[in-house]
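A.B. asks: Have a look at this one.
The values are calculated or read from the model by the stated rules, or taken from the named source; none is laboratory data. As the structure is a prediction and not an experimental result, all values here were calculated from the model. Here the Cβ positions follow ideal geometry from the backbone for every residue, glycine too, while neighbour counts run over all protein chains shown. For accessibility, only protein heavy atoms count, side chains too; no ligands or nucleic acids. Shrake-Rupley method; radii C 1.70, N 1.55, O 1.52, S 1.80 Å.
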Amino acid sequence: MNRTSRVLSASAVLAAATLLSVAPVAAQNWKAAPFYETLNLTAGFMPDPVSRSLQAGGVDSNSIDGTGCAGFINAERPDYDLNYTAGSSSLYIYARSGSDITLLVNDPSGSWHCSDDWDGTDPMIHFESPSSGNYNVWVGTYSSGQTQDATLYFTEMDPSGSVEEMPDVSAVPVYETITLSSGFMPDPVSRSLQAGGGSPNPVSGPGCLGYINLDAPDFDLNYTAGSPPLYIYARSESDITLLVNDPSGSWHCSDDWDGTDPMIHFESPSSGNYNVWVGTYSSGQTRDATLHFSEIAPSGSDRGFGEGMPDISAAPVYETITLSSGFTPDPVSRSLQAGGGSANPVSGPDCRGYINLDAPDFDLNYTAGSLPLYISAESDADITLLVNDANGTWHCSDDWDGTNPMIHLPDPPSGNYNIWVGTYASGELQEATLHLSEVSPK
């Protein structure tokens, strides 16, 4: 059927998705370039579903007449176009939102399809025997007014079920939204979390395993890309998995990259928002884990990337020190043997020296107040300092006062600090003293 003839034929579709037998009004400009993107998919595509974020709605009333053809759209152009090469599978196009939304699709034959209230107030259109060609897609709002956040999905698997089936990419993350620009320092940026949740990972594709919290991502990453790649990975003593929804809405999964730790590598990352879940391979309790963001290839014992990262979860070699702001005496000092057998693998200014990767020298459990925090060390030898703060951010120092290091945190967070005192040169351990103070040491 020639798309310019716009001749329609009737057929039954699932739920409230209806193929109309009336001539379409030319208000919807299906010929225009889509507002967001043209996607190219071939039957059997992975991962499945493919999802895209958008602002649903517009100022124009859906002019197609028929059941389910409701709502307000941007008639000047589609939101998305789909160039689809069909196979033997069905094709489902649906959308999710916290608001009442609608769906309008013009298929490769020029026939119009509408849906409203398929699953609650979310719409879905089912093509049981889809044609190859171009699909024009609008996501509308049932009521006029402002546009609304929504997610559009393309899948060959029946999505019937409750809204909880797919992870909620629009929810506020459980822990934090992290904002990074290419070239960020220190590198990596690390965050502690409890991995896992009560629901199986519903995304289909290689490495898409484990149990997560469908209600919200663990973290969001707002990333401004440059020329380096982006690595998102997680470490734990338990078997964990990783799920990421990238700025284009594509899903990525990982399991068992380095032992039972997962990693996802974006060779040419896009700028925008990344939703990140860290799951557990087995159902049950959540597990301690650390999530890392890096532009440097992370170490993997089976990948030949070099040294591992310092183990922030291990018990300290010497002591865990507990202090609250205003502590006396000030400074608190501890003697130790500085150094270790491994080069400091953290990237950033003054990140030098040799440390023990297996465990911190000291942990500091610190309750912050209005005062700054100074962590310094002194020795007759040339020494360095490495601290992972309560937010998971790495800090390095070398040669602050002669060959002695110091790290100044003007607005320190409360929580756990992992502390290593290293030696600038490899070799034997060296006598040193660690100082913790809220008064500038100089």
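A.B. asks: How big is the stretch 308-395 by the Kirkwood estimate over distinct Cα pairs, in Å?
C.D. replies: Details: mean 1/r = 0.0704 Å⁻¹.
Its Kirkwood hydrodynamic radius stands at 14.2 Å.
A.B. asks: Next up: How much accessible area per residue does the chain have, counting only protein heavy atoms and a probe of 1.4 Å, in square angstrom? If you can, show how the numbers build up before the last one.
C.D. replies: On the way: 18080 Å² over 442 residues.
Each residue of the chain exposes 41 Å² on average to a 1.4 Å probe.
A.B. asks: Using only the alpha-carbon atoms of the stretch 55-150, report the extent along each of the three principal axes, biggest first, to the nearest angstrom.
C.D. replies: Largest to smallest, the principal-axis extents are 39, 28, 24 Å.
A.B. asks: Okay, next question. Give me the percent of Cα-Cα pairs in the stretch 101-259 that sit more than 28 Å apart, rounded to a whole number.
C.D. replies: Details: 4369 of 12561 pairs.
For the stretch 101-259, the fraction of Cα-Cα distances above 28 Å is 35 percent.
A.B. asks: Rule-of-thumb check for the stretch 352-426: C-alpha Rg over 2.2 N^0.38 Å? Before the final figure, lay out each step's value.
C.D. replies: On the way: Rg = 12.2 Å, N = 75, 2.2 N^0.38 = 11.3 Å.
Against the compact-globule rule of thumb, the ratio is 1.08.
A.B. asks: Any idea how far apart SER131 and VAL174 come out in nm if each label point goes 7 Å out from Cα toward Cβ?
C.D. replies: So the two model labels end up 4.6 nm from each other.
A.B. asks: For the chain, set up a GNM with springs between Cα atoms under 10 Å and report which of LEU409, LEU104, LEU54 has the largest fluctuation.
C.D. replies: Highest fluctuation of the listed residues: LEU409.
A.B. asks: Quick check for you: which residues of the stretch 110-152 have the amide N under 13 Å from the point 7 Å beyond the Cα of ASN83 toward its beta carbon?
C.D. replies: The answer is 133-135, whose backbone nitrogens lie closer than 13 Å to the label point.
A.B. asks: Still on this model: Rounded to a whole number of µm²/s, how large is the Stokes-Einstein D of the stretch 192-316 at 25 °C and 0.890 mPa s, given Rh as the Kirkwood radius over C-alpha pairs? Walk me through the numbers before you get to the answer.
C.D. replies: Working: Rh = 14.6 Å.
Taking Rh from Cα pairs, D becomes 168 µm²/s.
A.B. asks: When only C-alpha pairs under 8 Å and at least 6 residues apart count, what is the relative contact order of the chain, in percent? Could you put the intermediate results ahead of the total?
C.D. replies: Values: 1301 pairs, mean separation 54.6, N = 442.
The value is 12 percent.
A.B. asks: Here's something else I'd like to know. For the stretch 212-256, what does the relative contact order come out to in percent, with C-alpha contacts under 8 Å and a separation of six or more? Don't jump to the answer; show the numbers that get you there.
C.D. replies: Numbers: 22 pairs, mean separation 10.2, N = 45.
With pairs under 8 Å counted, the relative contact order is 23 percent.
A.B. asks: Per residue, how much space in cubic angstrom lies within the convex hull of the C-alpha atoms of the stretch 387-430?
C.D. replies: Working: hull volume 3.6 nm³, N = 44.
Hull volume over Cα atoms, normalised by residue count, gives 82 Å³.
A.B. asks: Using DSSP, restrict attention to beta bridges with both residues in the chain and report what percent are antiparallel, rounded to the nearest 5. Can you show the working numbers first?
C.D. replies: On the way: 113 of 131 bridges.
Taking every DSSP beta bridge with both residues in the chain, the antiparallel ones total about 85 percent.
A.B. asks: Could I ask something else about it? Pick from ASN365, ASN213, ASN273: which residue has the top mean-square fluctuation in a GNM of the chain where Cα pairs under 10 Å get a spring?
C.D. replies: ASN365
A.B. asks: Moving on to the next point. Checking the a/c ratio against 1.5 first, then a/b against b/c, what shape does the Cα gyration tensor give for the stretch 282-437? Don't skip to the end; give the middle numbers.
C.D. replies: Values: a/c = 1.74, a/b = 1.13, b/c = 1.53.
Cα axes put the stretch 282-437 in the oblate bin.
A.B. asks: Taking a quarter of the surface of the Cα convex hull of the chain, what do you get in nm²? Can you show the working numbers first?
C.D. replies: Numbers: hull surface 95.2 nm².
That works out to 23.8 nm².
A.B. asks: If contacts are Cα pairs under 8 angstrom and at least 6 residues apart, what is the relative contact order of the stretch 300-442 in percent? The partial results should precede the final answer.
C.D. replies: Details: 380 pairs, mean separation 46.6, N = 143.
For the stretch 300-442, the relative contact order is 33 percent.
A.B. asks: Please find the FRET efficiency linking SER271 to ALA314, where r is the Cβ-Cβ separation and R0 is fixed at 45 Å, and quote it to the nearest 0.05. Show your work: numbers first, answer last.
C.D. replies: On the way: r = 36 Å, r/R0 = 0.79.
FRET efficiency, SER271 to ALA314: 0.80.
A.B. asks: Continuing with the same structure: Where is the GNM fluctuation largest for the chain (alpha-carbon springs, 10 angstrom cutoff): VAL50, VAL59, VAL276?
C.D. replies: VAL59
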